[in-house]
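J.: Sending over a structure as structure tokens; questions will come in a sec.
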Amino acid sequence: MRGLQISLNKTQKIRLERALELLDSFSSKTNSNASVTVADVIPVDHEDGILKGHGTSEMDGRVVATLCGVVERVNKLVYVRCLRARYKPEVGDIIVGRVIEVAPKRWRLEINSSQDAVLMLSSMNLPDGIQRRRTAVDELNMRSIFEENDVVCAEVRGFQHDGSLHLQARSQKYGKLERGQLLIVSPYLVKKRKQHFHHLDQYQIDLILGCNGFIWIGEHVDVKDDTMEDQLNKSMQPSTKSSTSMILEEEEKYTPPEIRLNICRIANAIRVLSNLGFMITVEVLLEIVGLSESLNHVHEMLGAEFYVMVAEKEAERRSQLTKKR
């Protein structure tokens, strides 16, 4: 909300303030000690043997916060998670990154973290799909796989002794992303879940919510088995490509206007949620996209009235959740 720059009339301003006040009341009721600033006292039970973690310190026998953020508790561990901070990777996270350098036997990716990530040539599937040792020829052909500014989806593999972050893409669902949009939001707006790959069938869209705040919205692509595809190609006629096959390949790379419109609609919904500071989930996105269908044009989603409508919709959704509890 702090960076929101939209012009509101008096009525819209009152409606927006009312919705935000209602949301603040819900958050304070659910967890009154969630948000802290520097020197705020964090209520704990010292008899339980509390462990003080990151962002906490002891002063006059009390646990106080040394950072602005949200108090998190894991068993006896109490720590403060910073908001609006750079992404802190964990093993197993699904991330979306952009290639910034092609180095010997590796690619270097920007992932919105304090340092760049490394994707080794040996940590991904080759285009032919055959599991084998990487050769000098594979190293020479690295740019045919990924080159600078390509958008790539991968998984955090681990950390090396020097602190460098290593990725892996040993699955058909990982790899190069094409025919879509890349959006960058604050990492805290994307909650870590079991599923970060989503196929929105009604819109024919693939949505990847990267844990690092990089979100990909693109045309749905069926995952194909490369080995089976190679066997079919070999069993077919000559390797020379006819004009009809070239036309078919060009048609496959073409994204229909309806899908482009859906991509823009979902992208605008993410921009609105990000500017308002609301958590980005598939359920909320689908509600916002459904709300936008009443508008005449997609660009109207970035107008002041739609921002107010989204805030009121979120307040209504939170009130229904509190009633169910």
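J.: Estimate the FRET efficiency between Thr281 and Ser319 by the formula 1/(1 + (r/R0)^6), using the beta-carbon distance for r and 22 Å for R0, to the nearest 0.05.
T.: That pair, Thr281 with Ser319, gives E of 0.80.
J.: Right, next: Given the protein chains as shown and a 1.4 Å probe, how many square angstrom of Val284 are accessible, to the nearest 10?
T.: Taking all protein chains as shown, Val284 has close to 10 Å².
J.: Still on this structure, I have one more. Ordering Asp138, Asp116, Asp48, Asp201 from largest to smallest accessible area (1.4 angstrom probe), what's the sequence?
T.: Asp201, Asp48, Asp116, Asp138
J.: What is the spread of the Cα atoms of region 53-102 along each of their three principal axes, largest first, in whole Å?
T.: 53, 21, 16
J.: Can you work out the Karplus-derived ³J(HN,Hα) for every residue in region 260-272? Use 6.51 cos²θ - 1.76 cosθ + 1.60 with θ = phi - 60°, whole Hz, and x for glycine or proline.
T.: My calculation for region 260-272 gives 4, 5, 5, 4, 5, 5, 5, 4, 5, 4, 5, 4, 5 Hz in order.
J.: Just from its helices, what would the mean residue ellipticity at 222 nm be for the chain, if runs of 4 or more DSSP H residues each count -39500 (n - 2.57) and the sum is divided by every residue, rounded to the nearest 500 deg cm²/dmol?
T.: It comes out at -10000 deg cm²/dmol, rounded to the nearest 500.
J.: Please report the accessible area of Met59 (heavy atoms, 1.4 Å probe, ligands and nucleic acids excluded) in Å², nearest 10.
T.: For Met59, the solvent-accessible surface is approximately 110 Å².
J.: Still on this structure: Just to be sure I understand the model, the point goes 7 Å from the Cα along the line to the Cβ. What's the resulting Glu147 to Ser294 distance in nm?
T.: The two pseudo-label positions are separated by 4.7 nm.
J.: With the full set of protein chains in place, find how many percent of the accessible area of the chain is carbon and sulfur; take the probe as 1.4 Å.
T.: Exposed carbon and sulfur together represent 50 percent of the surface.
J.: Now for a different question. Would you grab the residues whose amide H sits under 5 Å from the one on Leu77? Only those 5+ places off in sequence or on another chain, please, with H modelled 1.01 Å from N.
T.: Under 5 Å from the amide H of Leu77: Leu51.
J.: Quick check on my link table: of Lys194/Lys313; Lys105/Lys176; Lys52/Lys76, which ones sit more than 19 Å apart, alpha carbon to alpha carbon?
T.: Going by Cα-Cα distance, Lys194/Lys313 fall outside the 19 Å limit.
J.: Please compute the volume of the convex hull spanned by the alpha-carbon atoms of region 134-222 and report it per residue in Å³.
T.: 147
J.: Let me ask something else about it. Going by the alpha-carbon gyration tensor, a ≥ b ≥ c the square roots of its eigenvalues, is the chain rounded (a/c under 1.5) or, if a/c is not under 1.5, prolate (a/b greater than b/c) versus oblate?
T.: Oblate is the answer for the chain, as a/c is 1.5 or above yet b/c matches or exceeds a/b.
J.: Counting alpha carbon pairs within less than 8 Å and at least 6 residues apart, what relative contact order, in whole percent, applies to region 148-202?
T.: 29
J.: Once fully extended, how much extra length lies between Ala34 and Glu178, figured as 0.36 nm per residue of separation less the alpha-carbon to alpha-carbon distance?
T.: Taking 0.36 nm per residue and subtracting the Cα distance, the gain is 47.9 nm.
J.: In whole angstrom, note down how far apart the Cα centers of region 37-73 and region 119-180 are.
T.: 41
J.: What does the accessible area of Tyr174 come to, in Å² to the nearest 10, when a probe of 1.4 Å is used?
T.: Approximately 30 Å² for this residue.
J.: Here's a follow-up. Please calculate how many Å² of accessible area region 126-170 carries per residue, with a 1.4 Å probe and no DNA, RNA or ligand atoms counted.
T.: Averaged over the residues of region 126-170, the accessible area is 61 Å².
J.: In percent, how large is the relative contact order of the chain, given Cα pairs closer than 8 Å and 6 or more residues apart?
T.: For the chain, the relative contact order is 16 percent.
J.: What is the helix-to-structure angle for 226-235, meaning the angle in degrees between its Cα long axis and the longest Cα principal axis of the chain, kept from 0 to 90 and rounded to the nearest 10?
T.: So the helix axis and the longest Cα principal axis differ by about 20 degrees.
J.: Can you tell me the orientation of helix 304-324 relative to the chain, as the angle in degrees between its alpha-carbon axis and the longest Cα principal axis, to the nearest 10?
T.: For 304-324 against the chain, the angle is about 70 degrees.
J.: How high is the FRET efficiency from Arg132 to Ile100, r the C-beta distance, R0 35 Å, rounded to 0.05?
T.: Efficiency at R0 = 35 Å is approximately 0.80.
J.: For the chain, what is the charge dipole size about the Cα centre, in debye to the nearest 20, if Lys and Arg each add +1 at the Cβ and Asp and Glu each add -1 at the Cβ?
T.: For this selection, approximately 760 debye.
J.: Still on this structure, I have one more. So what does the Cα-only Debye profile of region 70-183 read at q = 0.12, 0.19, 0.21 Å⁻¹, as log10 I(q)/I(0), no solvent term?
T.: Once normalised to I(0) and log-transformed, intensities are -0.48, -1.02, -1.20.
J.: Explain nothing, just compute: Karplus ³J(HN,Hα) = 6.51 cos²θ - 1.76 cosθ + 1.60, θ = phi - 60°, for every residue of region 81-89 in order, whole Hz, x for Gly and Pro.
T.: 9, 6, 9, 6, 9, 6, 5, 10, x
J.: Which listed residue (Ile100, Gln131, Leu51) has the Cα farthest towards the positive end of the charge dipole for the chain, taking +1 on Lys and Arg C-beta and -1 on Asp and Glu C-beta about the Cα centre?
T.: In the chain, that residue is Leu51.
J.: So, one more: Work out, step by step, the length gained on full extension between Asp201 and Asp45: first 0.36 nm times the residue separation, then minus their alpha carbon distance; give nm to one decimal.
T.: 51.3 nm
The values are calculated or read from the model by the stated rules, or taken from the named source; none is laboratory data. Computed from a prediction, not measured in an experiment: that's the story for all the values here. In this analysis, Cβ positions are derived from the backbone assuming ideal geometry, glycine residues included, and neighbour counts consider all displayed protein chains. Keep in mind that these areas ignore ligands, DNA and RNA; they rest on the heavy atoms of the full protein, side chains included. Shrake-Rupley method; radii C 1.70, N 1.55, O 1.52, S 1.80 Å.
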